[in-house]
Amino acid sequence: MFAKIPERQMHRVRWVLALGWLLIIASLFYDPISYWFTLPENTWSPLSISNVTALECVKIQGNCMQEVPYAVGAIMFWAFIVPIGVFAVMVLGLEAWRRICPLSFMSQLPRALGFQRHRKKVDPTTGKTRSELVKVDPNSWLARNHLYLQLFLLYVGITGRILFYNSNRLSLGVFLLATIASAMVFNYFYAGKSWCQFICPMAPVEQVFGEPRGLLNSAAHTGERQAITQSMCRTVNAEGKENSACVACHSPCVDIDSERSYWDAIVKPESQWLYYAYVGLTVGYFVYPFLFAGNWEYLLSAAWAHQENQLDTLFNPGFYIFNQSIPIPKLIAAPLTIGVFGLVGYYLGRKIEKFYKAYRFRNHKLVTNEIIRHRLFTLCTFFIFNFFFIFGGSNFVRLLPVQLRYLFPLVMAVCSGLWLYRTWPRNPSVYQREGLANRLRKQLGKLKLNISQFLDGRSLDDLNVDEVYVLAKILPGFDKQKQLQAYKGILKEALNEGYIDIAGSLEFFRQMRVELNITDEEHGLIVTELEVENPSVLDVINRKNHEDWLRQESYRQALLDTVVESSKDHPHQAMVLDIFDVMTGQKSFDYFNEVLKKLSAEELKTVQAIREEYSITPEEEEEILTHSNPNQLWQTMAYTLSAIEHLDAIAQGKEGVSCNIGTIDKKQMAFYEQTFKKFDKDGNNSLSVAELHALLRAVGRSYSSERLREVMDLITGHPNSNSLTFVEFTNLIHRDLKDTPEDAMLQRFRFFDTDGSGNISLEELRLCLRDIDTGLSDSEIEEMLKLADTSGDHELSYEEFCQIFEQFRTVAH
């Protein structure tokens, strides 16, 4: 919901909230006005001393607290800012709060000003030095223990409230400024939202109330696959288009998919500390004022928020129980009490968890540990939300008009009840089932099956999760081959996006295999095909997670925007063409750095800043650059499809093998080499039977291994061939692309037009192109569509489709 609000609007909101917060902080140091609202004679004011309590005085350890008019900065912070933040997290969701949080916004000022720490990194291959932003090492102590650190800082902050800055405005102002400064300093040293992810004391509060999802939170795993979800970091380019600014500072990231982050961590020991200890800490905070003052009126009257002598009580007795003071200084008693409550909460939570497990076991109602903890964590959040607002917040509710005093707890109960109703049924299986159903929906849309007769006028996107799976089971024509094709597409997409690795795919997709009637052995065969098509899926050391995939997508789009924007009015147009020559493969990647030397200092600084921000290695940059030009992508795709069609025609006996290919110029050779690399997945400079088999299956052609070997024998000219060399492949591919027959072009168009509408949509183009080239990004495919879509209707007609292919010519055999 809030993820779709334009970034520019949210940026304005952040500025307003940040300035408002700074204004309140300033009032903590100097405020000659607001005390007037607290004067006892101003009985119309809810903040008037005469209205804060029904008693003549508020007693602290048997003595009346001296009340004098006070500036309202502190009470405004505790009565409005903090509760509104908690309410926003639970009701609006993390995707709203983390986009507007003033502290998060201020922590990003070093990045906005271009003032962040960099480190030099030497490429072991070339020896060249590059500068990159520093991120928290995922194997460091901080990355592994950040939640414990954040809980400790939260404990220190809660204790500090009681001891130093609940009512002492100067202490509160210093504390808030120190927190802002700490956030800015930390984000100077580390890139991304490192402060929010690893240090911020409010992060545990956000997790407790915001995960797995808020009441109005959107679901990142069920919608259309996109580069920007929920509260992700984002930027706006010169054309007003929003781009991801993700630098993969943390994985899994709560800003990308809060529910995925929740399920990933739920069985870890720190999750028990998070929920159970947080409940204890919160209860302890609201109980201690009673133990200190000897009555509840001290808490419920909000007198603690304007106790002018707060610092003078640090060494007073910390407990006053049954009208007897206990000589333990408040400086020790407060942290001791809150710490004990936190430990008790953790201990009781674990005991209840074990008791619940045993109860389920005795009654033969076994559920997973994830579900056990989810239910208890959900109850913890529900309880502490109502405890915080209805009991703990009653001191400020008493300041509201009489009508609102009764409405407030009702609103809190309704909101938390709706949240409980929405959250209780969630479990990891439901989450996975929903995400996989969305992927299955895409694969069904790609198949050329008559689906409309089963949808009663609805589209595939209108179907809920269960309906998608039912449709897959009853759909005529959705035979075994198409089930395997759909399953392969789902698996491929999840692997490419970094959601899962090969090792965990068998268990992760077990439920999907049951739905599609696919065996574990068939899964293994499909994995083998994918390994042939893309050997990097086996690379455990360099395997990309989802956040790394988004980081590279973000860099690709930022670089494209920069190149296009620079080319508009650049004085050296030939240099810009040189950059595009690198992108089209006509010049080597090494030439790219030579071209960059011709840029102006400002332009070079922009490119370097983009490199550093996304921590892009030379290897990653080379891969990204060779996939960037939409014209080049269409031309490479033309050669690819032509080779597939020619190979298919040879296999069917419709065409022979050409022996005299004539002269090949450098430009053609560059495209041939790039197309060959797409087919040669294992990089051994030859095409195996398995690689050709996988490629043909990607476009719906299915031949036996024996038939493909026969075709190889025809192409190579000698029996028992196991592979094709680049020269033999060139002999296969070197054809006049414009001479593609009409029926072949129509068949090619129908391959892309999966729904038979007569037009190719962006989604259809994306699905088909990714089957052929798994490395294409969303932004690249969008640029390809823009290039071919001459009518501007965001779809490709048959005429536009033919036109984009007819512009690519080669010399005929």
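The values are calculated or read from the model by the stated rules, or taken from the named source; none is laboratory data. Model, not experiment: these values are computed from the prediction. Cβ sites come from the backbone with ideal geometry, for glycine too, and all protein chains shown count toward neighbours. Just so you know, the surface numbers come from the protein's heavy atoms only, side chains and all, with ligands and any DNA or RNA stripped out. Shrake-Rupley method; radii C 1.70, N 1.55, O 1.52, S 1.80 Å.
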Quiz item: Roughly how many whole Å is it from the C-alpha centroid of region 362-391 to that of region 414-466?
Solution: 26 Å
Self-check item: Carbon and sulfur %, accessible surface of region 301-441 computed with the full protein complex present, 1.4 Å
Solution: 69 percent
Quiz item: Can you tell me the accessible area per residue over region 12-102, all protein chains present, probe 1.4 angstrom, in square angstrom?
Solution: 49 Å²
Practice problem: Determine the distance separating the Cα centre of region 473-515 from the Cα centre of region 129-168; give it in Å without decimals. | Solution: 40 Å
Exercise. Report, please, the projected area of region 233-332 averaged over directions, based on the convex hull of its C-alpha atoms, in nm².
Key: 11.9 nm²
Quiz prompt | Sum of side-chain charges, Ala88 neighbourhood, beta-carbon under 15 Å (Lys, Arg +1; Asp, Glu -1) | solution = +1
Quiz prompt | Total formal charge among the other residues, if their Cβ is under 12 angstrom from that of Val344, Lys/Arg +1 and Asp/Glu -1 | solution = +2
Self-check item: Protection proxy ranking of 613-620, 276-283, 311-318 - average other beta-carbon atoms within 10 Å, highest first
Solution: 276-283, 613-620, 311-318
Exercise. Pull out the extension gain between Ser757 and Trp141, defined as 0.36 nm times the separation in residues minus the alpha carbon to alpha carbon distance; nm, one decimal.
Key: 216.2 nm
Exercise. Enter the accessible area of Trp304 (Å², nearest 10), with the probe set to 1.4 Å and all protein chains included.
Key: 20 Å²
Quiz item: In this model, which of Lys492/Lys786; Lys4/Lys605; Lys121/Lys492; Lys120/Lys605; Lys128/Lys598 are farther than 21 Å apart at the alpha-carbon?
Solution: Lys492/Lys786; Lys4/Lys605; Lys121/Lys492
Quiz item: Counting only heavy atoms of protein chains, what accessible area per residue, in Å², does region 397-500 have with a probe of 1.4 Å?
Solution: 48 Å²
Quiz prompt | Label point distance in nm, Glu370-Lys786, each placed 7 Å from Cα along Cα→Cβ | solution = 3.9 nm
Quiz prompt | Computed lengthening from Ala358 to Leu19, 0.36 nm per intervening residue step minus Cα-Cα distance | solution = 116.8 nm
Practice problem: Figure the gain on full extension for Leu311 and Ala112 (residue separation times 0.36 nm, minus the Cα-Cα span) and round it to one decimal in nm. | Solution: 67.8 nm
Quiz item: Given 4 °C and 1.567 mPa s, how large is the Stokes-Einstein diffusion coefficient of region 394-471 in µm²/s, with Rh as the Kirkwood radius over Cα pairs?
Solution: 79 µm²/s
Practice problem: Tell me the label-point distance for the pair Ile326, Asp462, using the 7 Å Cα-to-Cβ offset, in nm and rounded to one decimal. | Solution: 6.6 nm
